[in-house]
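Undergrad: Shown below is the structure under consideration.
The values are calculated or read from the model by the stated rules, or taken from the named source; none is laboratory data. Remember, it's a predicted structure, so these values are computed and weren't measured experimentally. Methodologically, a virtual Cβ is constructed for each residue, glycine included, from the backbone with ideal geometry; neighbour enumeration extends over all protein chains shown.
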Amino acid sequence: MSNTRELSFSVSDLSPESVAAIRKNLDALKEYLSKGQAPSIRIGKGKEIPLPESLISLFSHALTKAVAGKRVVIVEEDDEVSPEKAAEFLHVSRPFLVKQLDAGEIPFHMVGTHRRILMSDIIEYKRKRKEQTQEILRQMREEAEELGLYD
């Protein structure tokens, strides 16, 4: 993605022993955080570096998703990506994404003859789509309940 390197993590990249160690230590990390203790990391045998709890929570969340089989990708919000990368991130086809761009559903700008999209705009579009889907499902459930089709 643009000038920065995409960072990603998946348990498929690790040995079974490493995955087991992560699962074991993840539980310990969650328990530690639940007690409100100040998180830190130790480098080698010596220096301990305090870390903000928000960073450790993010790390814990990323590891939880990874051990559940999800690929975790870290991107910068202001990264600019091509329509191909944006479509890949959204799990849609490139032609569908281009239609969304042309319809004004996702902001973009041109760099020469190429479209570029901010990751923050892609993330916002994904969030809105999820909200819309949840609302439609809620309405369908209510209608089914009114008709006696849903228990």
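Undergrad: Is it true that residue 63 is closer than 26 Å to residue 113 by Cβ and surrounded by 15 or more Cβ atoms within 10 Å (Cβ to Cβ)?
TA: In short, no.
Undergrad: Further question: Condition first: surrounded by 14 or more Cβ atoms within 10 Å (Cβ to Cβ) and assigned to a helix (DSSP H, G or I). Now tell me which residues in the stretch 95-122 satisfy that.
TA: Correct list: 97, 98, 100, 101, 119, 120, 121, 122.
Undergrad: Look through 120, 60 and report the one residue that is assigned by TED's automatic domain parsing to the domain that holds residue 33, out of contact with any strand residue (DSSP E or B) (no Cβ under 7 Å at 6 or more places or on another chain), in contact (Cβ under 8 Å) with a residue 24 or more places away in the chain and not hydrophobic (A, V, I, L, M, F, W, C).
TA: It is 60.
Undergrad: Within the bounds of the stretch 127-134, is there any residue that is among the polar types (S, T, N, Q), within 30 Å of residue 37 (Cα to Cα) and assigned to a helix (DSSP H, G or I)?
TA: no
Undergrad: Of all the strands (runs of 3 or more DSSP E) wholly in the stretch 23-78, which have at least 2 residues that are among the hydrophobic types (A, V, I, L, M, F, W, C) and closer than 26 Å to residue 13 by Cα?
TA: The strands (runs of 3 or more DSSP E) meeting that bar are 72-74.
Undergrad: Here's a follow-up. Going by what's in this entry, would residue 87 be described as in contact with a helix residue (DSSP H, G or I) (Cβ under 8 Å, 6 or more places away or on another chain), modelled with pLDDT of 95 or more and of a type in the set (Gly, Ala, Ser)?
TA: Judged against the criteria, residue 87 is a match.
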